[in-house]
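See structure below.
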Amino acid sequence: MTSTSDQVRDISEKCGYAAAALTILPIPGSEIIAVMPLHVGMVVKIGQIHGVDVDRDDAQHLIMRIGATVGLSLVGSRMATTAAKIILPGLGGLISAPFMYASTIAIARVADLYFARQGDVSENDLKSLYKQTVKNARKSFDPTKARSDEAKSQAEAAVKQTEGAAPPAEAVVEADPAKRLERLKALLDQGLIEPDEYETAKKRVLDTI
């Protein structure tokens, strides 16, 4: 019989790579409009594993609470991943994908703890678990899985759920190298990319001048 932790791990892995695949899809703003349905569906399933009847509104509320607790603007982060795709078409998604994967895994771990303890979790525990999970998950990210047919299929299905939603105004290709470098530095400052990723991307931009 599959344990609760194994079930949660399986769901979070699949959703994590689907979220990463969203950053790779050549659709401006795809991760902004489509990642929430993925996260909401994941939290609903984790609640069900724990025998908790969670509707989509409750799941979204928990996700936003997690974001507020850890000091992370989930919407802002999705905007940043779109900025990465704009700064470096064809490469930006690959830079942002590890963060999208890691943050999805972290949300799953926090939700798992939340339901296991029936909501009796301190903000410090939520914050500590989230940050440590992001750190560990980034190291275990496998880019080939983000490009797998399964991950792409889930990502495309999430995009279809949001058909009709307007793409963000920010999803416009930035031609000015100075502006691209400025936005790239913002990604680094927000912790969405690592220093070595920043240097690689910075060189790519400078090479276009």
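Bear in mind that the values in this text are calculations on the coordinates, not laboratory data. All of these numbers come straight from a predicted model, not from anything done at the bench. As a convention, Cβ positions derive from the backbone with ideal geometry for all residues, glycine included, and neighbour counts pool all protein chains shown.
Remark: Thr104, Thr162, Thr208 ranked as Thr208, Thr162, Thr104, counting other beta-carbon atoms within 10 Å and listing the fewest first.
Taking the fewest neighbouring Cβ atoms within 10 Å as the starting point, the ordered list for His61, His39 is His61, His39. Once the convex hull of all Cα atoms in segment 99-168 is built, its volume per residue stands at 135 Å³.
The slack between Leu206 and Arg9, meaning 0.36 nm per residue of separation minus the straight C-alpha distance, is 66.9 nm.
Amide H to amide H distances under 5 Å link Thr162 with no residue, where only residues 5 or more positions off or on other chains count and H is placed in the peptide plane.
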